[in-house]
1. For the subset of region 127-150 comprising residues that are among the charged types (D, E, K, R) and modelled with pLDDT of 95 or more, which member is nearest to the chain's Cα centre (by Cα)?
2. When the residues of region 93-112 are narrowed to those that are hydrophobic (A, V, I, L, M, F, W, C) and farther than 11 Å from residue 33 by Cα, which ends up surrounded by the fewest Cβ atoms within 10 Å (Cβ to Cβ)?
3. Would you be able to say whether some residue in region 107-116 is within 16 Å of the chain's Cα centre (by Cα), part of a helix (DSSP H, G or I) and of a type in the set (Gly, Ala, Ser)?
4. Does residue 69 qualify as being touching a helix residue (DSSP H, G or I) at 6+ places or on another chain (Cβ under 6 Å) and modelled with pLDDT under 95?
5. The conditions are (1) out of contact with any His (no Cβ under 8 Å at 6 or more places or on another chain); (2) more than 27 Å from residue 150 (Cβ to Cβ); (3) aliphatic (A, V, I, L, M), and residue 99 fails exactly one of them. Which is it?
6. Being within 17 Å of the chain's Cα centre (by Cα), in a helix (DSSP H, G or I) and either without any contact (Cβ under 8 Å) to a residue 24 or more places away in the chain or over 15 Å from residue 42 (Cα atoms) (or both), is that true of even one residue in region 92-105?
Amino acid sequence: MRLLPRSEKFFTYFLEQVKVICESAAALHDAVKRGNPYLSQAEPVVRALEQKGDEIIHEIFTRLNSTFITPLDPEDIHSLASHLDDVTDGIEETMYRLVAYQVDPVPPEVVELTGLIVACGHSLLKAFEALSEEKPLLEHCIEINRLEDAADQIVRRAIAELFRSEKDPIQLIKLKEVYEIIESTTDCCEDVVDVLQGVVVKNS
C-alpha cells in the first residue's frame, strides 16, 4: 500500500520543504567556511529561503484544513511540516546570530557543526524520497540520529572549552548561544525522523 500517493500534494510540499533546508544549510555552511565577511552576504539568501519555507508550511496547513481524506493522519502531516519548519528556522537563526554578534573568526567547531546540518538535510531528502517510493528509510533515520549525536558531542566539548579558555564573558555568551542554536537545529532534524518512523509503523 502506498503511504503517500503520488497524486497527493502533501508529499510534494514535504520535498519542497526539505530542499529549502538543504539550500539554506549549504548557504550557511559555505559562508562559515569562507569567513565572517561572507556571512553578511549570505544572510539575505538564507532569510529568503526561510520565508519560502514559511510559505510552503502555510500551503500545507491550508490544504490540510480543506482536505477531507489525507494520505496520512492529519496530526502526522502537521507534525512533519512543523518540525521541518523548525529546522529551517534554526538555520536562519544561526546565520542571524553569527552576523548580529559579529563572530570573527568563525570557530572551526561552527564550521563542523554546520556541515552536520548539511548532512542531515541530505539524509532527510533521502528519507522522504524513500517514503514516496515505498522503500526502506530506516538507514536514513539512523544516519540522522548519528549526526545529531555527533553534533551533541561537538557542542558539549566546544562549550566546555569556552568556559576553560575564553576570558571575555560577552564572547563566551555569544558563542554559547550559537552552539546551542545549532544543537537545537539538529535536534529538530531528529524530531522529523521520530515522526517519520511513527508514520511507517502506523501504515505498515
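1. Among those residues, the one meeting the criterion is 148.
2. So the residue we want is 100.
3. Yes: one or more hits.
4. no
5. Of (1) out of contact with any His (no Cβ under 8 Å at 6 or more places or on another chain); (2) more than 27 Å from residue 150 (Cβ to Cβ); (3) aliphatic (A, V, I, L, M), only one is false for residue 99: (2).
6. No, region 92-105 contains no residue that is within 17 Å of the chain's Cα centre (by Cα), in a helix (DSSP H, G or I) and either without any contact (Cβ under 8 Å) to a residue 24 or more places away in the chain or over 15 Å from residue 42 (Cα atoms) (or both).
The values are calculated or read from the model by the stated rules, or taken from the named source; none is laboratory data. Model, not experiment: these values are computed from the prediction. Note that each Cβ is placed from the backbone with ideal geometry, even for glycine, and that neighbours are counted across all protein chains shown.
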